[in-house]
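These notes concern the structure reproduced below.
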Amino acid sequence: MNAKRRAKITALGRYVPPKVVTNYDLAKRVDTNHDWIVERTGIIERHMVEPGTPTSELAAQAVGDLLRQRGIEANEIELIIVATVTPDMLFPATACRVQDKIHAKRAWGFDLSGACSGFLYALTVGAQFIESGAHDKVVVIGADVMSSIINFEDRSTCVLFGDGAGAVLLEPSEDESVGILGYAHEIDGSGGQFLYMPAGGSLNPASHETVDKKMHYVHQEGQPVFKYAVRKMGEISRTVLERNGMTGDDVDLFIAHQANLRIISSAADKLGLDESKVVKNIHKFGNTTAATIPLATGDAIDDGRLQKGKLVVYAAVGAGYTVGAVLMRWAY
Ligand SMILES: CC(C)(COP(=O)(O)OP(=O)(O)OC[C@H]1O[C@@H](n2cnc3c(N)ncnc32)[C@H](O)[C@@H]1OP(=O)(O)O)[C@@H](O)C(=O)NCCC(=O)NCCS
């Protein structure tokens, strides 16, 4: 029998805009303070674009970084998947705008809306095109300009988010034991009421009223989202391990969506993981939604913890609710 054709990540690119916004900067705009933000979330600073910089720009920069790392040209890319909740426009797809910016002349692509789990969903979708033999080079991007949908008068949300982009290249793995080994994904639409952007879609098209009521911003009830994330992040991680006959003891690195340090630590505890196996970079980027996992992966490569052969569990919980986990044996 032929070996299974797996998808593996062969390169990673990143981009965050240069402007840093500290907790102290935010405290000048809303009634908040550095200590509260650090204690409740773990965030110290985040990067934000200059107004008018779209998600496609960050995404294109991240892909440029990726192409340099891999030493290939944009016209070798066959498929571009962009996970985002802050597309440049409702249409055309941000993937089309990225494709044009990077001159990926042979690529097709589309956007995927999975909020904070978006990158893991896009990774899973991209992997199918590699595993089926349809494509040999798929770029999966997680990119968001959260500052474009944040109400800077709402202290309960504006301190949480940042802007950024990460991109990975998926290619076929000759070695069946390396690459994306499995996934576990769920959605629970009954949680949609706790984290959403009310206006700008077909339910509440843009009008003077929706703008006056600030309905084009993130609305969140933090506590139910927090409780759900604490429960599901550990649960989904265990599920993906169990499906592949593994336990927390097998895990070398836990790379979770960076929304809140307390959520990450609680999930790591449930898996019985030592602190040294948990990647945390929320302190410098905040919650960049679809970009947190590739950005955290990049940091783990930089600090030497992510190396060829390491078993990685990716996990995320986000608006929707969306829940996801991906298990992978790192390839380079
Ligand atoms: C948002 C979050 C950090 C709030 O933390 P919390 O411990 O739940 O805090 P609460 O919402 O209970 O608020 C506690 C108090 O702090 C206040 N507060 C809220 N935001 C504040 C801020 N930025 N600065 C200072 N005080 C703040 C509240 O008004 C409240 O005051 P009160 O007790 O006088 O009413 C937390 O709920 C969370 O992380 N939720 C999940 C968010 C998330 O992960 N979202 C993305 C999912 S992908």
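The values are calculated or read from the model by the stated rules, or taken from the named source; none is laboratory data. Since we're looking at a predicted model, the values are computed, not measured. Backbone-built Cβ (ideal geometry, glycine too); neighbour counts: all protein chains shown. Note: areas computed on protein heavy atoms with side chains; ligands, DNA, RNA excluded. Shrake-Rupley method; radii C 1.70, N 1.55, O 1.52, S 1.80 Å.
Worth a mention:
- Within the set 195, 169, the sole residue that is farther than 22 Å from residue 7 by Cβ and buried (at least 18 other Cβ atoms within 10 Å of the Cβ) turns out to be 195.
- Matching residues in the stretch 123-156 - criterion: being within 16 Å of the ligand (Cβ to nearest atom) and small (Gly, Ala, Ser): 142, 143, 147, 156
- Residues located in the stretch 204-234, provided they are free of Cβ contacts under 8 Å to residues at least 12 places away in the same chain and either touching a strand residue (DSSP E or B) at 6+ places or on another chain (Cβ under 8 Å) or within 16 Å of the ligand (Cβ to nearest atom) (or both): 223, 227, 231
- Among the residues of the stretch 7-54, the ones that are β-branched (Val, Ile, Thr) and within 16 Å of the ligand (Cβ to nearest atom) come to 9 in all.
- Failed condition for residue 113, given (1) under 26 Å from residue 196 (Cα atoms); (2) in contact with a helix residue (DSSP H, G or I) (Cβ under 7 Å, 6 or more places away or on another chain): (2)
- Annotation: of all residues in the stretch 157-169 being over 16 Å from the mean Cα position of the chain (by Cα) and of a type outside the set (S, T, N, Q), the one that is farthest from the ligand (Cβ to nearest atom) is 158.
- Identification of strands (runs of 3 or more DSSP E) wholly contained in the stretch 121-237 with 3 or more residues that are over 24 Å from residue 82 (Cα atoms) and out of contact with any helix residue (DSSP H, G or I) (no Cβ under 6 Å at 6 or more places or on another chain) yields no element.
- Set 149, 130, 187, 141: member being touching a strand residue (DSSP E or B) at 6+ places or on another chain (Cβ under 7 Å) and more than 30 Å from residue 74 (Cα to Cα): 187
- Helices (runs of 4 or more DSSP H) contained in the stretch 16-72 and holding at least 1 residues modelled with pLDDT of 95 or more and within 26 Å of residue 90 (Cα to Cα): 55-70
- Test: residue in the stretch 300-323 that is under 21 Å from residue 165 (Cα atoms), away from the ligand (no atom under 14 Å from the Cβ), in a strand (DSSP E or B) and among the hydrophobic types (A, V, I, L, M, F, W, C): yes
- If the condition is being open to solvent by 60 Å² or more (accessible area, probe 1.4 Å) and either touching a strand residue (DSSP E or B) at 6+ places or on another chain (Cβ under 6 Å) or within 16 Å of the ligand (Cβ to nearest atom) (or both), then the stretch 241-276 contributes 243, 250, 262.
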